[in-house]
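Here is the structure we will look at.
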């Protein structure tokens, strides 16, 4: 893949993203850099908010200070060196050491594109701030807190991922495609659900990890309907009691993925790269949902994820599907329950 922004930022992007980077290479050049940079900007915020040490007030200060600089409200970038030192992931530590370079990447793009990216970042950071205020820092062994109800869950998935669907859609309409005015609202709605689908997968896949750090994204109100409380999710033996609710959320995720498929169908047939970049996360998402439905998500020793080899296989299948009439539809339908 050709240089997106510069070699340094491109390398940060490659090393901090396991599943997104392969998707990025399919994107048309006109929007590839903007989407990639937004990912890095958001990843900085996510790394700050999810740091496994530190006080809530300090993490909030760093997060707000970072966003103020990115948004052009301040020139005083916080010192992230101490936070970088405590990162378990060396790639995330390197990202924190190069935040200024990531922010400076915004200058490569037009004012209109910068505003699109920064609007999205503002929403994402707002979600991270809400997370810290709700749960506190991700310190192992802390008190367990849960979302209250499904409206909080839906709001969270929009703030951290649904808004990316909005950005993706805005970039596509600004640089790549034209849709009838009466179709744009539907296109944005499906784009939001596309983003929510991917975040729901993260939530439903990462339950044991989140619990370990005192965070439960399964709403307490819904757990009570099944005579459960957040603490019950620590015990893998409770999976059968939890499964009906868990399956409800997997069904919701599949409904969001179906909306993502409809989003892809709305793209012009000539936009092969744009279609491919949308299809790969859907294929991976469908497969992940199947694995989650079959496994015991409460068993922290059994990490459920799509392997790198499977991702490579999907990439090959995708290329074939794009050149065969009807191939995209058949691949998505076949993959949904495989």
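Here, each number is a calculation from the coordinates, and none is a lab measurement. These numbers were taken from a predicted model, which means no experiment stands behind them. As a convention, Cβ positions derive from the backbone with ideal geometry for all residues, glycine included, and neighbour counts pool all protein chains shown.
Counting pairs of alpha carbon atoms under 8 Å apart in space and at least six apart in sequence, what relative contact order in percent does the stretch 264-338 give?
37
Compute the orientation-averaged projected area for the stretch 1-137 from the convex hull of its Cα atoms and round it to one decimal in nm².
For the stretch 1-137, the mean projected area of the Cα convex hull comes to 7.8 nm².
Remind me, relative contact order of the chain in percent, using alpha carbon pairs under 8 angstrom and six or more residues apart?
That works out to 17 percent.
Output needed: percent of Cα pairs per 10 Å distance bin for the stretch 174-308, bins running from 0 to the one holding the longest distance.
In order of increasing distance, the bins hold 11, 38, 27, 16, 8, 0 percent.
If the elastic network links every pair of Cα atoms under 10 Å, which of 308, 32, 43 fluctuates the most in the Gaussian network model of the chain?
308
Give the relative contact order (percent, whole number) for the stretch 140-330; include only Cα pairs under 8 Å separated by 6+ residues.
This gives 25 percent for the stretch 140-330.
If each residue of separation counts as 0.36 nm, what is the full-extension length gain between residue 294 and residue 266 once their alpha-carbon separation is subtracted?
Extra length from residue 294 to residue 266 when fully extended: 6.9 nm.
Using the 2.2 N^0.38 Å rule of thumb for compact globular proteins, work out how the stretch 239-338 stacks up: its C-alpha Rg over that value, please.
Against the compact-globule rule of thumb, the ratio is 1.17.
Choose one answer from 129, 261, 86: the residue with the largest mean-square fluctuation in a GNM of the chain with alpha-carbon springs under 10 Å.
Of the options given, 86 has the highest mean-square fluctuation.
Roughly speaking, what is the stretch gain from residue 226 to residue 238, that is 0.36 nm per residue apart minus the C-alpha to C-alpha distance, in nm to one decimal?
Here the answer is 3.2 nm.
I want to verify a result. In a Gaussian network model of the chain, Cα cutoff 10 Å, which of these has the top mean-square fluctuation: 173, 233, 95?
Maximum among the listed residues: 173.
I'd like the distance separating the alpha-carbon centroids of the stretch 105-125 and the stretch 13-62, in whole Å.
Between the Cα centres of the stretch 105-125 and the stretch 13-62 lies a distance of 13 Å.
With label points built 7 Å along Cα→Cβ from the Cα atoms of residue 52 and residue 173, find their separation and express it in nm.
Going from the residue 52 label point to the residue 173 one covers 4.2 nm.
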